[in-house]
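Presented below is the structure to which this report refers.
Read-outs throughout are calculated quantities, based only on the coordinates presented, and are distinct from any laboratory measurement. Since the model is a prediction, treat every value here as computed from it, not as a measurement. Reconstructed Cβ throughout: ideal geometry from the backbone, glycine too, with neighbour counts over all protein chains shown.
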Amino acid sequence: MAGWKRKVLSVLALLISLGYLYRHTDLEELELAMKTASPEYLLLAFCLSLLTVLLSVLRWHIFLREVQETPFKKTLRAFLSGYYLMTILPPSVGHATKVKLVGGDYFKALSALAIGITTEVVVLLSMAFVFVGFTKLGLVVLVLVLLSLIWEEGLYRVLDSLLAFWGNSGLKGLTTLLRSYLKRGYTGWKRAKENRKAFFLSFLLSLAVILLQVFGIVAVGRAFGLEVSLGRALYGFIMSVLFASLAGIPSGFGANEMGIVVGIGASTKATLTAFTYKFIFQYVYSIVGAVAFYRSVGGGAGK
């Protein structure tokens, strides 16, 4: 029942997002903007997207190699597969599924991915405070995320104790399995963090990944004659992440674009910028990811 309600809410979010974007779009202006687009800025945006992907893969890989032996090529294939998986599954499920493709211990590999994403969340929330002025809820989330990075042993003990208490109250078989998964995840997280250089490098890579995407919005905007300041582009990027996370739509389609338009200012060129940006930075990799995914599941990952 809960899953059915979630699907209905996702469809409503998609319809609301597309309706909002259509309402702020003039078809004649849209056609003119597409005809006069600058291929140089679009090419620049595509190069920025390639760097974004490679640095994101590198961030996962530097933590992954702390917990198990995985070739960079295999990490790249799994990461690209994630773009495809997130078009057919909710984003969080897509992330979790792609981890299976790197092989080894699933929960340790998941921890390696999670710690990299966590550093990106810390950097993004910090930038939101400094440049956008997000407060209260953002502060609470930032504190919780920092606790997971700094006090992971205490957090593990609390969760393990809760599961143990639940097991004593019944469902011992299930809680034993969950405690095993929790321990493997915690072990992977702790080992990944032990390399301080890799941990520090992850923050730098996360900052670079965010800035590349922000500059990507600026570059795509200029391709269509729309001047977007770095501050507005950052705000649009943050709103895009927020709207897509709340909507639960596969690939965040519609919600991503609505967030960007809200952030940079609603207009026909803003809508075109949002959709083009998401195509260059995400949707095109869904196509590549589909090839990578079916090669992996078809036995071609090791070739």
Worksheet item: Points 7 angstrom from Cα along the Cβ direction at PHE203 and VAL288: gap in nanometres?
Response: 3.0
Discussion item. My understanding is that a pair violates if its Cα-Cα distance is over 24 Å; which of LYS197/LYS278; LYS98/LYS269; LYS73/LYS108 do that in this structure?
Written reply: LYS197/LYS278; LYS98/LYS269
Practice prompt. Between beta-carbons, use under 15 Å as the cut-off and find the net charge around PHE243, counting Lys and Arg +1, Asp and Glu -1.
Written response: 0
